[in-house]
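J.: Attaching a single structure in structure tokens format; questions to follow.
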Amino acid sequence: MDLPDRRIELQKTADDEHAKLPALDGDEHAAQWKRWRDAAAEIQAAVTEHAKENGLNLRLTNVYTSEPWEGRYDDASLGVSP
């Protein structure tokens, strides 16, 4: 699988894991949240690596800081937790 296909599959995996969350609660929800978060981190890392390898602008920022975005979100600031 070439890299674009790999990134598409990683995003689909993250989306699929996220879609399972609403039907769960308690420990099952917490375990699924971790699976989703791990999948989301993997696609974020792949996109960041692609950008670095291709000399693309990584000077993205979020609303909480003017520091460069390193491919990760600050979950606490976004109000996201397991």
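Every number in this text was worked out from the coordinates using simple rules, so none of it is lab data. Here the structure is a predicted model, which means the values were calculated and not measured. Reconstructed Cβ throughout: ideal geometry from the backbone, glycine too, with neighbour counts over all protein chains shown.
J.: When the Karplus curve 6.51 cos²θ - 1.76 cosθ + 1.60 is applied with θ = phi - 60°, which whole-Hz ³J(HN,Hα) does each residue of the stretch 22-30 get, with x for Gly and Pro?
T.: Values, residue by residue: x, 7, 10, 8, x, 5, 5, 5, 4 Hz.
J.: Could you order the peptides 44-50, 22-28 from most to least packed, using the average number of other C-beta atoms within 10 Å per residue?
T.: 44-50, 22-28
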